[in-house]
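Asker: Have a look at this one.
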Amino acid sequence: MSNDNDLRKTSMKGLDPKYLNVDPLEETYRESIVEIPEVQRSIEQHHTALLVIDLQYLDAAPGYGVFADVEKSGVPVEAQEYYFKRLDHIVLPNVSRLQNAFRECGLEVIHTRIMSMTRDGRERSPGHKRLGLHAPPGSKEAEFIEAVAPKGDELIINKTASGVFNATNLEYLLRNMGITGLFVVGVYTNECVSTTVRDACDLGFYTTLINDACATVTPELHNATIRTIQDRYARVMQTEEAIAEIKEVCRRESR
């Protein structure tokens, strides 16, 4: 409590305002993490994968899982309307387009979902137990949204925590396949997606977050997360940019 009081007493008088709303390390991080040749090299060598986070009935479909009961979900109706409009009109179409681009270029598409190993979910993380998040094997909640569902023998990673890296053997699998770069899409931007991006960066993967292929329940939460991650933990791109980059690699290879 004393720390809060000390902060309230702190005067900003005499400080240059133009330095209070900027990131002084932005350029350093951009040059060291984002604008490096290894990012492009990873794509060119087919060492980059598309990682699709939790686009399933549990948390991305009205009337199921988290949103089975509109009133009890804890998410205001207006926020739900925004979330599902963004998913239906922007995110799902963009994820589908990205999947197609990666598949056409022979790059891996990897899917994560929240799903327990047991019917009663007794092995779930404490956080998911407290939140009541549960998608048993074979349940509708564990199914992927059809428009962006896995195809062929694409990898499916099941998890019961926000971060896929700390809850599964995904890092081990990526290392085995020689994957060094990840393009990340899915839900929620400020929760599972953000945790995954931060962990991927810390583990040394060249990470790209696709802004218009992610969603959460309010624009403020989405935009705040993007601002925090951009040029610090990942490149942030739009779908059109990402597809153009992937297709350019394919064109160069076909020459």
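Each value in this text was obtained by applying a stated rule to the coordinates, not by laboratory testing. Computed from a predicted model, the values in this text were never measured in an experiment. All Cβ positions, even for glycine, are placed from backbone atoms using ideal geometry, and neighbour counts span all protein chains on display.
Asker: As an exercise, use a Förster radius of 45 Å and the Cβ-Cβ distance of Ile36 and Lys140 to find the FRET efficiency, rounded to the nearest 0.05.
Answerer: Efficiency for this residue pair is about 0.55.
Asker: Starting from the Cα of Lys151, draw a straight line to each of the lysines and keep only those under 23 Å, dropping any in the same chain fewer than 8 residues away.
Answerer: Partners found: Lys140, Lys159, Lys247.
Asker: Further question: Nearest 500 deg cm²/dmol is fine: what mean residue ellipticity at 222 nm does the chain get from its DSSP H runs of n ≥ 4 alone, each adding -39,500 (n - 2.57), divided by its residue count?
Answerer: Only helices count here, giving -10500 deg cm²/dmol.
Asker: Just to be sure I understand the model, the point goes 7 Å from the Cα along the line to the Cβ. What's the resulting Ala244 to Val70 distance in nm?
Answerer: It is 4.1 nm.
Asker: Spin-label point model (7 Å from Cα, Cβ direction): what's the Leu173 to Ile156 distance in nm?
Answerer: Taking the two extended label points, one gets 1.1 nm.
Asker: Name the residue from Ile243, Phe205, Ala68 whose Cα lies farthest towards the positive end of the charge dipole of the chain, charges +1 on Cβ of Lys and Arg and -1 on Cβ of Asp and Glu.
Answerer: Ala68
Asker: Net charge near Arg30, counting Lys/Arg +1 and Asp/Glu -1 over other residues with Cβ under 15 Å of its Cβ?
Answerer: Cβ neighbours under 15 Å give a net charge of -4.
Asker: Still on this model: Taking the stretch 200-253, which GluC sites (Glu not before Pro) meet the DSSP loop condition and have no more than 11 other C-beta atoms within 10 Å?
Answerer: Here no GluC sites (Glu not before Pro) fit, given the DSSP loop and packing criteria.
Asker: What net charge do the residues around Val236 carry, taking every other residue with its C-beta under 14 Å from that of Val236, with Lys and Arg at +1 and Asp and Glu at -1?
Answerer: Local net charge: -3.
Asker: With each pseudo-label sitting 7 Å past Cα toward Cβ, what's the His89-Arg119 distance in nm, one decimal?
Answerer: Here the modelled spin labels are 4.3 nm apart.
Asker: Still on this structure: With a cut-off of 8 Å between alpha carbons and a minimum separation of six or more residues, what is the relative contact order of the stretch 1-153 in percent?
Answerer: After rounding, I find 28 percent.
Asker: On to the next question. Around Pro219, with a cut-off of 14 angstrom between Cβ atoms, what is the net charge of the other residues, counting Lys and Arg +1 and Asp and Glu -1?
Answerer: Combined, the nearby Lys, Arg, Asp and Glu give -1.
Asker: Quick one: of the DSSP bridges fully inside the chain, what percent are antiparallel, nearest 5?
Answerer: The antiparallel fraction comes to roughly 5 percent.
Asker: Amide H neighbours of Thr207 under 5 Å, counting only residues 5+ apart in sequence or on other chains, H built in-plane at 1.01 Å?
Answerer: Placed amide hydrogens put Leu182, Arg235 under 5 Å from Thr207.
Asker: With +1 assigned to the C-beta of every Lys and Arg and -1 to the C-beta of every Asp and Glu, and no other charges, what is the dipole magnitude of the chain about the Cα centre in debye, to the nearest 20?
Answerer: For the chain, the charge dipole is close to 320 debye.
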